[in-house]
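Report on one structure; see the data block that follows.
The values are calculated or read from the model by the stated rules, or taken from the named source; none is laboratory data. Source: prediction; values computed, not measured. Glycine also receives a Cβ, built like all others from the backbone with ideal geometry; neighbour counts cover every protein chain displayed. Areas reflect the complete protein model, heavy atoms only, side chains present, ligands, DNA and RNA absent. Shrake-Rupley method; radii C 1.70, N 1.55, O 1.52, S 1.80 Å.
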Amino acid sequence: MALTIDQLNAATPEQALAWLDGLYEHSPWIAEAALLKRPFRSVAALKLAMVEVVRRSGRDKQLVLLRGHPELAGKAMVAGSLTAESTNEQTKSGLTNCSPAELEKIQALNRAYSAKFGWPFMLAVRGPRGAGLTRAQIIATFERRLGGHPDFELAEALRNIHRVVEIRLNDKFGLEPTLGNQVWDCAELLATHSDPGYAELGQLTVTYLTQAHQNCQVQLVRWMKECGFDEVNVDAVGNVVGLYRGRHDGGDTEQKRLLTGSHFDTVRNGGKYDGRLGIFVPMVCVRELHRAGRRLPFCVEVVGFAEEEGQRYKATFLGSGALTGHFDPAWLDQFDADGVSMRDAMRAAGLPATLDTIGACKRNPADYLGFVEVHIEQGPVLNEMDLPLGVVTSINGSVRFVGEVVGMASHAGTTPMDRRRDAATAVAELALYLEQRAASVPHVVGTIGMLHVPNGSINVVPGRCTFSLDIRATTNEVRDACAADVLAELKRIAERRGLHHTLEETMRAAAAPSAPEWQARWEAAVESLGLPVHRMPSGAGHDAMKLHEVMPQAMLFMRGGNSGISHNPLETISADDTQLCVQAFQHLLDQLAADMT
Ligand SMILES: [Zn+2]
């Protein structure tokens, strides 16, 4: 019989501890301390309580915990002396079937790893889907992590232990993240479509209206139909739009709609979840509604946006921009790197490529309740905090400049230090100022990502230096205050050093603060899962930023593994986090339904 959280909450301390025995290898103190926090609202809350115990226990106890674990495919496995739990996991991942060459490889890695870090390599070999990593994946991860910094690797090893425990807990409680698994499997399947040149290398690249992009559309249409959407269409810019009608829709009065979705195009050699997660999660929610024969007092419109990343054409947010009426007619005459105009690309993909049909994509905001978007965080914050979900407070506003400082190129040997007019050190000074100015205010980030000395030489004092400036903040005011200070500092530096400078603003995007009532719905949804609410800004731009211009919006972030890395094939999520994400979305739908009846 599987355990329930109510049973665990009601049990004597001894009984409860006995049930949780063996979760953390040879470390019953973790469950013991966590059980003091009973009652738990959910298994997710129990998991987090144990993670917190380990987090607060300090480095020494963490090292004891790590060293209590067996090596991967190590002597204990070969000798058959692992704990029952470890044997199960190492067998499932196929580690017990290693070829002699693989075994030798892993053992060499074990030796190098323990010499560098002083604890055994920890990897949740059942992987993010719980189905087991391949031996090749295990070895590749091992090699990659061997290069890490010890402090980071300590945290990563602990995260892997927590993941192992999560799966063991699921087994004890008879839980399977079935909805999360479905999302995970969809992401895997959709990622089989990739543009030529990348597909052959096993890399994921889906740019606007390529064959792979069209294959994704076809797949999304098929899935949406299978999920029970009432209408599924590909619109004039290639967005895939699914509509699940509300309870009384189709009668005399049209019902209001909740708009949601995200993009299915990718950057070059990108990840499988960026954007796509925000399509699959509501898709699975609609399927569950349809299965239960349930209609809501509003329609749910899910959009797979055709283009967000601006890879093939310089037309970022093309998909969501069509919904807000911001499709720039000049885009049709843009050419890609192969000289194909967007108009021709659209026609080749079976789209009409006329401004009339594109204009018809524009939504009337009065028809909509608002826009919500689920997205992988694409940053390290949730992963570091061991939190599966985060509520977005605002999508950062940004401003970008390119500039040039001009001094005097002169002989590096004969120009005394007090007679120089060095353009590069001036920009370096500005970079240091920007770093401390941005860091002095929470959630402000500033970057000089390009710093270049044109025609520089090893023996010449830099006479010119070109640079870029990127400043982002949660509000336009905070962003502008930082930009104003940085520009004033540039002026001061140039005057003091006797230099000229130019600066040109190249981009400015307004911050998109979440609508308070929609942010509150996400917060309530996260809370309902027994999880703490963590509020955070979004440093990256998203489709929600575009919809923000016409309707209230709010986003939910989900943790990414591998330090939240994104725009990278290492981007990853777990099925368990995804399950929570789907449940949060379901809760949001239920709240909205309750508000409207
Ligand atoms: Zn994205």
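Note on segment 256-301: residues that are hydrophobic (A, V, I, L, M, F, W, C), within 16 Å of the ligand (Cβ to nearest atom) and either farther than 21 Å from Thr205 by Cα or open to solvent by less than 10 Å² (accessible area, probe 1.4 Å) (or both) amount to 5. Selection of first residues in segment 268-283 that are within 14 Å of Ala191 (Cα to Cα) and at pLDDT 95 or above and of second residues that are charged (D, E, K, R) and within 11 Å of the ligand (Cβ to nearest atom), restricted to Cβ pairs under 6 Å at least 6 apart or on distinct chains, gives the following pairs, ordered by first then second residue: Gly271/Glu571; Tyr273/Glu571.
Going by the structure shown, is Arg294 part of a loop (DSSP other than H, G, I, E, B) and either under 26 Å from Ala366 (Cβ atoms) or free of Cβ contacts under 8 Å to residues at least 60 places away in the same chain (or both)?
Values: part of a loop (DSSP other than H, G, I, E, B): yes; either under 26 Å from Ala366 (Cβ atoms) or free of Cβ contacts under 8 Å to residues at least 60 places away in the same chain (or both): yes.
Answer is yes for this residue.
In the set Asp367, Asp328, which member is under 31 Å from the mean Cα position of the chain (by Cα), touching a residue at least 40 places away in the same chain (Cβ under 8 Å) and surrounded by fewer than 23 Cβ atoms within 10 Å (Cβ to Cβ)? Spell out how you get there, then give the answer.
Numbers: Asp328 fails: touching a residue at least 40 places away in the same chain (Cβ under 8 Å).
Checking each option against the conditions leaves just Asp367.
Quick check on this structure: which one of Leu72, Leu65 is buried (at least 19 other Cβ atoms within 10 Å of the Cβ), touching a Phe, Trp or Tyr at 6+ places or on another chain (Cβ under 7 Å) and more than 17 Å from Val125 (Cα to Cα)? Spell out the reasoning first.
On the way: Leu72 fails: more than 17 Å from Val125 (Cα to Cα).
It is Leu65.
For segment 525-541, the set of residues classified as touching a Phe, Trp or Tyr at 6+ places or on another chain (Cβ under 9 Å), of a type outside the set (A, V, I, L, M, F, W, C) and crowded, with 21+ Cβ neighbours inside 10 Å consists of Ser538 only.
In segment 398-448, how many are hydrophobic (A, V, I, L, M, F, W, C) and without any contact (Cβ under 8 Å) to a residue 60 or more places away in the chain? So the count comes out to 15. State yes or no: is Ser86 hydroxyl-bearing (Ser, Thr, Tyr) and free of Cβ contacts under 8 Å to residues at least 24 places away in the same chain? Taking the combined requirement at face value, the residue does not satisfy it. Checked across segment 187-201, the condition of being away from the ligand (no atom under 16 Å from the Cβ), open to solvent by less than 30 Å² (accessible area, probe 1.4 Å) and at pLDDT below 95 holds for no residue.
Matching residues to (1) within 31 Å of the chain's Cα centre (by Cα); (2) over 29 Å from Met558 (Cα atoms); (3) of a type in the set (Lys, Arg):
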residue: Val78; (1), (2), (3): no, yes, no
residue: Gln90; (1), (2), (3): yes, no, no
residue: Pro100; (1), (2), (3): no, yes, no
residue: Glu104; (1), (2), (3): no, yes, no
residue: Leu123; (1), (2), (3): yes, no, no
residue: Glu153; (1), (2), (3): yes, no, no
residue: Arg168; (1), (2), (3): yes, no, yes
residue: Asp171; (1), (2), (3): yes, no, no
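Here Gly180 qualifies as under 30 Å from Ala49 (Cβ atoms), in contact with a Ser or Thr (Cβ under 6 Å, 6 or more places away or on another chain) and in contact (Cβ under 8 Å) with a residue 60 or more places away in the chain.
Of all residues in segment 304-323, those that are over 15 Å from Ala509 (Cβ atoms) and open to solvent by less than 10 Å² (accessible area, probe 1.4 Å) have Cβ atoms under 7 Å from Cβ atoms of residues that are in a strand (DSSP E or B) and more than 15 Å from the ligand (Cβ to nearest atom), 6 or more apart or on another chain, in Gly304/Val240. Against the conditions (1) touching a His at 6+ places or on another chain (Cβ under 8 Å); (2) part of a loop (DSSP other than H, G, I, E, B); (3) under 30 Å from Leu72 (Cβ atoms), Ile161 satisfies every one except (2).
Do any strands (runs of 3 or more DSSP E) entirely within segment 190-278 hold 1 or more residues that are among the small types (Gly, Ala, Ser) and touching a strand residue (DSSP E or B) at 6+ places or on another chain (Cβ under 7 Å), and if so, which? Filter on segment 190-278 gives 240-244, 257-263.
Does Gly564 satisfy the condition of being surrounded by fewer than 24 Cβ atoms within 10 Å (Cβ to Cβ) and within 15 Å of Leu387 (Cα to Cα)? Taking the combined requirement at face value, the residue satisfies it. Of the residues making up segment 555-586, those that are among the small types (Gly, Ala, Ser) and within 16 Å of the ligand (Cβ to nearest atom) number 3. Just wondering, is there one or more residues in segment 20-31 that are at pLDDT 95 or above and surrounded by fewer than 18 Cβ atoms within 10 Å (Cβ to Cβ)? For segment 20-31, residues at pLDDT 95 or above and surrounded by fewer than 18 Cβ atoms within 10 Å (Cβ to Cβ): present.
Being assigned to a loop (DSSP other than H, G, I, E, B) and charged (D, E, K, R) is not true of Arg111.
The conditions of being among the hydrophobic types (A, V, I, L, M, F, W, C), modelled with pLDDT under 95 and open to solvent by 10 Å² or more (accessible area, probe 1.4 Å) are not met by Ala520. Of everything listed in (1) under 23 Å from the mean Cα position of the chain (by Cα); (2) touching a residue at least 12 places away in the same chain (Cβ under 8 Å); (3) farther than 30 Å from Ser99 by Cβ, the single unmet condition for Gln203 is (3).
Conditions tested, residue by residue: (1) buried (at least 23 other Cβ atoms within 10 Å of the Cβ); (2) over 18 Å from the mean Cα position of the chain (by Cα); (3) at pLDDT 95 or above.
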| site | (1), (2), (3) |
| --- | --- |
| Pro516 | no, yes, yes |
| Leu547 | yes, yes, yes |
| Val550 | no, yes, yes |
| Met558 | yes, no, yes |
| Met596 | no, yes, no |
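Which of the residues spanning segment 84-108 are open to solvent by less than 40 Å² (accessible area, probe 1.4 Å) and either in a helix (DSSP H, G or I) or of a type in the set (S, T, N, Q) (or both)?
Listed by number, the residues that qualify are Ser86, Glu89, Gln90, Ser93, Leu95, Ile106.
Among the residues of segment 416-462, those that are open to solvent by 90 Å² or more (accessible area, probe 1.4 Å), closer than 18 Å to Ser398 by Cβ and out of contact with any Ser or Thr (no Cβ under 6 Å at 6 or more places or on another chain) comprise Glu435, Pro442. For the structure I just gave you, tell me whether Ala44 is small (Gly, Ala, Ser), buried (at least 21 other Cβ atoms within 10 Å of the Cβ) and out of contact with any Ser or Thr (no Cβ under 7 Å at 6 or more places or on another chain). Judged against the criteria, Ala44 is a match.
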